[in-house]
Amino acid sequence: MKKTVLIIEDEARIAEWVKTYFERAGFHAEVCSDGKRGLQAAQTLSPDIIILDLMLPGLSGVEVCQELRMNSDVPILMVTAKGAYQDRITGLDIGADDYIVKPFNPEELVARANAVLRRAQKAVQKTITCGPVSLNLNTQTVHLTGIEVPLSAAQFCLLKTFMQHPNQVLSRNQLIEMAFDGNFDGFDRAIDTHIRRLRKVLHYEVHQPIQTVYSMGYKYVVAEEQA
Ligand code: CA
């Protein structure tokens, strides 16, 4: 699906030029020529990223950014005038993700926008999925083929560690270290009890993902195309 970029820029020539470059890079681009309309468009369009000029008539870029940040994490790349250092600092302080200085190379602007988008995507990636198992780090829930399965906190931490290291042999000590930061209440064999329970929960038709590697530990086996 095409990503939407909202360009808030009052200089029509620059706005069109930037729009063209984003469209060439595969974006859907919308232009707003003042802060107020830009703010409205940000709400109605829910763009993936906003290119925000700071020198705008009516509502300034700084005000637009402040308003947006009250209820949105949308990536914002601001455009500042040459030499306006204070604007850049203010912009970053109030939550812009990056800035570019006029006059700029539009290819650089698009490259920076893509970098900001990649960072934003990483930050929201709070789900780990391996085959039919999906683990949500925010809600601390696990779904198996879409159905939530109940797990204890310890089992959740263990499963998270396994899913973050698919197809790797992990010793009991490594599991304790990674899943519980070494703060594990019990002997390392108590891990086996948790794993037995996890296995029961994860028992699904094709194969059991948690496999014992004799005298070494455990391995969470995921088919290549699912890893
Ligand atoms: Ca301007």
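What follows draws every value from the coordinates through simple rules; no lab data is involved. Please read these numbers as outputs of a predicted model, since none were measured by experiment. Because the Cβ atoms are built from the backbone with ideal geometry, glycine has one as well, and the counts that use them run over all protein chains shown.
Is the shape of the stretch 4-124 best called rounded, prolate or oblate, per the rule: a/c under 1.5 gives rounded, else a/b larger than b/c gives prolate, else oblate, with a ≥ b ≥ c the square roots of the Cα gyration tensor eigenvalues? Before the final figure, lay out each step's value.
Details: a/c = 1.14, a/b = 1.05, b/c = 1.09.
Judged from the Cα gyration tensor, the stretch 4-124 comes out rounded (a/c under 1.5).
The alpha-carbon of Lys219 sits under 21 angstrom from the alpha-carbons of these lysines, leaving out residues fewer than 8 places away in its chain: Lys160, Lys200.
So which residue, out of Met178, Met70, Met78, gets the largest mean-square fluctuation from a GNM of the chain using Cα contacts under 10 Å as springs? In this elastic network of the chain, the residue with the biggest mean-square fluctuation among Met178, Met70, Met78 is Met70. Taking the longest Cα principal axis of the chain as reference, the axis of helix 12-24 is set at about 30 degrees.
Could you tell me the center-to-center distance, by alpha carbons, between the stretch 72-88 and the stretch 178-203 in angstrom? Cα centroid to Cα centroid, the span is 48 Å. Once a ≥ b ≥ c are taken as the square roots of the eigenvalues of the Cα gyration tensor of the chain, is the result rounded (a/c under 1.5), prolate (a/b larger than b/c) or oblate (a/b not larger than b/c)? Prolate shape, in that a/c is at least 1.5 and a/b is the bigger ratio. Compute the relative contact order of the chain as a whole-number percentage, counting only Cα pairs closer than 8 Å that sit 6 or more residues apart in sequence. Relative contact order of the chain: 12 percent.
The 3J(HN,Hα) values that the Karplus relation (6.51, -1.76, 1.60; θ = phi - 60°) gives for the stretch 61-70 are, in residue order, x, 4, 5, 4, 4, 4, 4, 4, 5, 5 Hz. Gly and Pro appear as x. Computed from Cα atoms, the angle from the helix 190-201 axis to the main principal axis of the chain rounds to 70 degrees.
Using the Karplus relation 6.51 cos²θ - 1.76 cosθ + 1.60 with θ = phi - 60°, the per-residue 3J(HN,Hα) values for the stretch 162-171 come to 4, 6, 7, 10, x, 6, 10, 6, 10, 6 Hz, with x marking Gly and Pro. Projecting the Cα atoms of Phe22, Ala96, Ile195 onto the charge dipole of the chain (Cβ charges, centred on the Cα centre) puts Ile195 farthest toward the positive pole.
The label point for Arg189 and the one for Glu23, both projected 7 Å from the Cα toward the Cβ, are 7.1 nm apart.
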